[in-house]
Amino acid sequence: MDKKQQNEELLELIHYKMPFGKYKGRYLLDLPEPYLVWFEKQGFPTGKLGNNLRLMHEIKVNGLEQILKPILKASLRNNLKDSI
C-alpha cells in the first residue's frame, strides 16, 4: 500500500460516522472509549464498520486520537471552503 492510499484510508476512517444506535451520526473518532471497549468485548460487527471500529479502538486505547482530531477539523474546514 502506497502513502497516498494510506492517507486516503485514514481520511475515510476519520470521516466515518456511526450508522446506528445511541451514537448514530457521530464520527467514530468522537465515540467514547468505553463504547469501543464494549464492542471489543462483545465482538465487532463484520465488514467495513467492524474494521473501522477495531482500528478506532486501537487508536483510542493507545492515546492517538489527539493526533487525528486536527486532521478531521482541517479537512472539514477545507470541505466547507470548497462548497462555498
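The values are calculated or read from the model by the stated rules, or taken from the named source; none is laboratory data. It should be emphasised that the depicted structure is a prediction, and the values quoted were computed from it without experimental measurement. Here the Cβ is made from the backbone with ideal geometry for all residues, glycine too, and neighbour counts use every protein chain on show.
Quick notes on this structure:
- Filter result for residue 21 (under 19 Å from residue 76 (Cβ atoms), free of Cβ contacts under 8 Å to residues at least 12 places away in the same chain and not in a helix (DSSP H, G or I)): no
- Taking each residue of region 27-39 that is of a type in the set (Ser, Thr, Tyr) and looking for partners that are at pLDDT 95 or above with beta-carbon atoms closer than 6 Å, six or more apart or interchain, yields 27/17.
- Restricting 8, 12, 65, 40 to those that are in contact with a helix residue (DSSP H, G or I) (Cβ under 7 Å, 6 or more places away or on another chain), exposed (fewer than 15 other Cβ atoms within 10 Å of the Cβ) and not aromatic (Phe, Trp, Tyr) reduces the list to 40.
- One residue stands out among those in region 15-37 that are among the hydrophobic types (A, V, I, L, M, F, W, C) and either surrounded by 11 or more Cβ atoms within 10 Å (Cβ to Cβ) or under 17 Å from residue 64 (Cβ atoms) (or both): the one that is farthest from the chain's Cα centre (by Cα), which is 37.
- Against the conditions (1) assigned to a helix (DSSP H, G or I); (2) exposed (fewer than 14 other Cβ atoms within 10 Å of the Cβ); (3) at pLDDT 95 or above, residue 53 satisfies every one except (2).
- A single entry from 19, 34 fulfils the requirement of being more than 14 Å from residue 55 (Cβ to Cβ) and in contact with a helix residue (DSSP H, G or I) (Cβ under 7 Å, 6 or more places away or on another chain): 19.
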